[in-house]
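The values are calculated or read from the model by the stated rules, or taken from the named source; none is laboratory data. Worth saying up front: this structure is predicted, and the values here are computed from it rather than measured. Methodologically, a virtual Cβ is constructed for each residue, glycine included, from the backbone with ideal geometry; neighbour enumeration extends over all protein chains shown. With ligands, DNA and RNA removed, areas are computed over all heavy atoms of the protein, side chains included. Shrake-Rupley method; radii C 1.70, N 1.55, O 1.52, S 1.80 Å.
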2 protein chains.
Amino acid sequence: MTIEEKFDMLGIDNAPGQEALQKHQALDLRGEPLPGPAVDFSHGDVNAHIPTPGSFEVFERGVKEGAAQAYTPYRGRKLILEHVAESLSAFTGAAIDPEKNLILTPGTQGALFLAMGSNMMPGDKVAIVEPDYFANRKMVEFFGGELVPIPMHYEQAEGKAGIDLDALKEAFENGVRLFLFSNPNNPVGCVYSYDEICSIAAMAREHQVTLIVDELYSRQVYPGIPYTHLCAQKEIPDNLITILGPSKTESLSGYRLGTAFGTEAVIERMEKLQAIMALRCSGYNQAVFLTWFHEPEGFMENRVKAHMEIRDAILEVIREVPGVSARPTEGGSYLFVTIPELEVSLHQFIRIIREMANVIVTPGTEFGPQYLHQFRINFSQDKDNAVAAMKRLFAIMDRYRKQEEK
Amino acid sequence: MTIEEKFDMLGIDNAPGQEALQKHQALDLRGEPLPGPAVDFSHGDVNAHIPTPGSFEVFERGVKEGAAQAYTPYRGRKLILEHVAESLSAFTGAAIDPEKNLILTPGTQGALFLAMGSNMMPGDKVAIVEPDYFANRKMVEFFGGELVPIPMHYEQAEGKAGIDLDALKEAFENGVRLFLFSNPNNPVGCVYSYDEICSIAAMAREHQVTLIVDELYSRQVYPGIPYTHLCAQKEIPDNLITILGPSKTESLSGYRLGTAFGTEAVIERMEKLQAIMALRCSGYNQAVFLTWFHEPEGFMENRVKAHMEIRDAILEVIREVPGVSARPTEGGSYLFVTIPELEVSLHQFIRIIREMANVIVTPGTEFGPQYLHQFRINFSQDKDNAVAAMKRLFAIMDRYRKQEEK
């Protein structure tokens, strides 16, 4: 394989936030555009849901402190590691030694990349869930692994995510070395049950599989949904990395902050890789971690409540459209929406609604090649604009339904 | 090879800034410590040489702008790409299209990692200079390349860096696919001559070798030293990436900003890799690029002059110590100091002076396994403290000279 062929697989034109790069092509535009405020559902809107109050002031103090905050060891500054380890231990229930079990990274994407790069060799079998975060499969491809997809029957499941545990068992028995999954799941927003988590942990332990658990949205689980931190269970595998960061619920994405915690030997490898990847999570930015898990009283509760209301308002819109469905989000800001057969392809449809309705969504194919009738939205938006945008989207969609569906 | 074996090669205990991680061991401490203000020569001191005036205010404006600055395409925000492309074109003389030839990265380390990762496949032969930046060889090892070292006879060269062009030619003829070098060189601080640059470019073009030129310190070239930007020459190879950033001379390291510019197809691959590595150079931090090449009148001239004075003061100290030498820096803030035979190993000596003299330097072995009698200093420090620290270092060193050397 040449380097060109390798990178052809890593396409990003349809990745969230990259829509402006798409080449112009003739689109089958039907009827008049539906005007309305632009909504970019490819990521959250930090203007509608502002960053943690006080975060900029903490950054400013870091800059003023100067050299001590600008240059830190590759894994992060000692006093910030201690602060974060204490917060994460309290939140998850896992024992995290700030000197051994924790690394600060440029965003959770950086944490995922370091975790993957320091746990797989070319040719290794790596299992991922379908659907799951779009970068997961691309990282496996970049590092030369062999992808083993594990189906998640999220639409038929109740009180659980719906991961196919038999398929996972078979994959582990057939030599999978590494398994990566997000909980709450991206793009569906479903949460793994206690039984699912314990089964995954026990199987990984038995088969000596390394686990990477992406818990990015675990602070935004909606009331009544039980959440299980795998890292805090009694029986965990020898190699376990958990990933978390303040980019989403806390709206601190502009600072690119992430963390990974877990097995000491793996964290050591991740630091070695960070040393050649980006040296460190930006020194000044690290200071902003001091606000994490120390938000003003009521801030997180209000944020979760606000998102639940947006979710419910959008689900109400969805329920009124024939042939359209979405599993109600249990954690996080995503909805994975299934749409009926159209007379245009999914990718064409997504470009059409961008043009005609001023609405950007992410195609389901980013989360698995089989999701040709799905798109993902991040509903961390202004509520009224988001509801209006979804109505425009479905109104445009109706113009493209296949005859038998109309 | 296992993942553990692979990462054993990527040791970072002796890497600049990581000294605090070194395990305690019994040292052969002779005589009394020499007290004095601590100097960490492993990196520049941004308290002694402050960040570009106005950089924090520009960052603040970015945060206040909100979503438009927090989320950008992976390669960077359009208006900032345009600003940087214009500045870099004017500085280097190369034609840089902001939409095609440029990417913003988390520090120049991020740029180097992306450039290496998107230009080599496992098994590829990759040439690097010895001595050169310590991460270069580690990146080749991480991506599974075969390292082909090219000697640089920097001590015998005048008016040129001293790279062994015959060895480079032979390497290219023997199948090297990629060649990476820094100019000004890190750790020596020597600058490649016009003839050296043109020879490298012509040979790379002839043998279809991809070039990565790390010009991190090219804004800090001392008066009277001609500097040649390879990217601006008539005959350049088809695949060429140049790397530059404001972390060093501009003291903006705490923001982690870097850029790479060059061949469109390579920049596209680098953006795909960035999408899974760290998504983007931190959104808010990108705003700080607006100060780059737009420093206040006289700021850069004064900074270069201040560093020349520190260099000269330290060279004066060095000249008085028998058996010690360093090639005078032509560009950048480094001196690569050769010391005589000691009764302790280089690594022991470096830990001893940290303990006894409160001085941190980087061992020569980080820049090539043969540099057992060298260390590197970054003299971007307070001048008086730096001079005093070097005097303490050599006073301690004298206690360890081999008998025949005393």
Given q = 0.13 Å⁻¹, what are the Debye log10 I(q)/I(0) values for segment A:350-406, with equal point scatterers placed on the Cα positions and solvent ignored? -0.37
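Counting only protein heavy atoms and rolling a 1.4 Å probe, how much accessible area do A and B lose on contact, total for both sides, in Å² to 100?
Numbers: alone 17410 and 17400 Å², together 29180 Å².
In total, chains A and B hide about 5600 Å² from solvent.
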Relative to the longest principal axis of chain B, what angle (0 to 90°, nearest 10) does the C-alpha long axis of helix B:299-319 take? 30
What full-extension length gain, to one decimal in nm, is calculated for residue B:208 and residue B:402 as 0.36 nm per residue of separation minus the Cα-Cα distance? 65.0 nm
Could you please report the charge total around residue B:311, scoring K, R as +1 and D, E as -1 over all other residues with beta-carbon less than 12 angstrom from its beta-carbon? -1
Rounded to one decimal in nm, the spacing of the 7 Å Cα→Cβ label points at residue B:199 and residue B:265 is 2.9
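Which peptide among B:333-340, A:247-254 comes first, and what is the full order, when sorted by highest mean count of other Cβ atoms within 10 Å? All intermediate terms of the calculation are to be shown ahead of the outcome.
Working: B:333-340: 22.8, A:247-254: 25.1.
In descending order of packing, they fall as A:247-254, B:333-340.
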Once every Cα of segment A:89-155 carries one equal point scatterer and solvent is ignored, give the base-10 log of I(q)/I(0) from the Debye formula at q = 0.13, 0.17, 0.20, 0.26 Å⁻¹, two decimals. -0.49, -0.77, -0.92, -1.08
I'd like the per residue volume of the convex hull spanned by the Cα atoms of segment A:121-210, given in cubic angstrom. 76
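Pop out the carbon and sulfur fraction of the accessible area of segment A:163-233 as a percent, whole number, probe 1.4 Å. Kindly include the intermediate steps, with their values, before the conclusion.
Details: 1040 of 2400 Å².
About 43 percent, which is the carbon plus sulfur part of the accessible surface.
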Placed amide H near residue B:47: partners under 5 Å, 5+ positions off or other chain: A:67
Residues of segment A:103-128 losing 40 Å² or more of accessible area relative to the isolated chain, 1.4 Å probe, heavy atoms only? A:109, A:113, A:121
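Return the average number of partner chain Cβ atoms within 10 angstrom of each residue Cβ along peptide A:132-140. Intermediate results must be reported in sequence, preceding the final value.
Numbers: counts 0, 0, 2, 4, 1, 1, 4, 2, 1.
Rounded to a whole number, the mean comes out at 2.
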Using a simple spin-label model with points 7 Å from Cα along the Cα→Cβ vector, what separation in nm is obtained for residue A:373 and residue B:50? 6.4
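Given a 1.4 Å probe and every protein chain left where it sits, what share in percent of the accessible area of segment A:263-396 is carbon and sulfur?
Numbers: 2150 of 4360 Å².
That fraction is 49 percent.
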Of every Cα-Cα pair in the protein assembly as shown, the percent that sits beyond 53 Å: 13
Which residues, if any, in segment B:48-88 have at least 20 Å² less accessible area in the whole protein complex than in the isolated chain, probe 1.4 Å? B:56, B:59, B:60, B:63, B:67, B:70, B:71, B:73, B:74
Stokes-Einstein D for segment A:251-406 (25 °C, 0.890 mPa s, Kirkwood Rh from Cα pairs), in µm²/s, comes to 132
What order do B:160, A:64 take when sorted by accessible area (1.4 Å probe), most exposed first? A:64, B:160
Helix B:383-398 versus the longest principal axis of chain B: what is the Cα-based angle in degrees, 0 to 90, to the nearest 10? 50
Leaving out ligands, DNA and RNA, what percent of the accessible area of segment A:2-106 is carbon and sulfur, probe 1.4 Å? 55
Result for segment B:123-274: accessible area per residue, probe 1.4 angstrom, in square angstrom, of 31
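Compute the FRET efficiency between residue B:8 and residue A:319 as 1/(1 + (r/R0)^6), taking r as their Cβ-Cβ distance and R0 = 56 Å, and round to the nearest 0.05. Walk me through the numbers on the way to the answer.
Values: r = 57 Å, r/R0 = 1.01.
After rounding to 0.05, the efficiency reads 0.50.
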From Cα coordinates alone, what are the radius of gyration and Dmax values for segment B:1-52 in angstrom? 16.8, 47
Reachable lysines, given that their alpha-carbon falls under 16 Å from the alpha-carbon of residue B:383 and they are not under 8 places away in the same chain: B:305, B:391
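Which value, in Å², gives the accessible area per residue of segment B:1-97 when a 1.4 Å probe is used on the protein heavy atoms? Please list the in-between numbers first.
Details: 4640 Å² over 97 residues.
Per residue, segment B:1-97 has 48 Å² of solvent-accessible surface.
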If the cut-off is 17 Å between C-alpha atoms, which aspartates and glutamates fall inside it for residue B:402, apart from same-chain ones fewer than 8 positions away? B:28, B:341, B:343
Mind checking B:255-263 for the average number of partner chain beta-carbons within 10 Å of each residue's beta-carbon? 2
Within 10 Å of each Cβ in peptide A:283-294, how many partner chain Cβ atoms are there on average? Round it to a whole number, please. 2
Zero-based 5 Å bins, Cα pair distances in segment B:242-287, whole percents: 5, 19, 25, 27, 17, 8, 0
Rg (one decimal) and Dmax (whole number) from the Cα set of segment A:34-160, in Å, equal 19.6, 55
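Using alpha-carbon pairs under 8 Å, 6+ residues apart, how would you state the relative contact order of segment B:303-404 in percent? Show your work: numbers first, answer last.
Numbers: 128 pairs, mean separation 32.4, N = 102.
Value for segment B:303-404: 32 percent.
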Mind checking the angle between helix A:194-207 and chain A's longest principal axis? C-alpha axes, 0 to 90 degrees, to the nearest 10. 60
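Can you compute the FRET efficiency between residue A:238 and residue B:30 using 1/(1 + (r/R0)^6), with r the Cβ-Cβ distance and R0 = 45 Å? Round to the nearest 0.05.
Working: r = 45 Å, r/R0 = 1.00.
The computed FRET efficiency comes out at 0.50.
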In terms of the ratio Rg/(2.2 N^0.38 Å) built on C-alpha atoms, what value belongs to chain B? 0.98
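Round to the nearest 0.05 the FRET efficiency obtained for residue B:355 and residue A:174 when R0 = 56 Å and r is the Cβ-Cβ distance. Walk me through the intermediate numbers first.
Working: r = 53 Å, r/R0 = 0.95.
After rounding, the FRET efficiency stands at 0.55.
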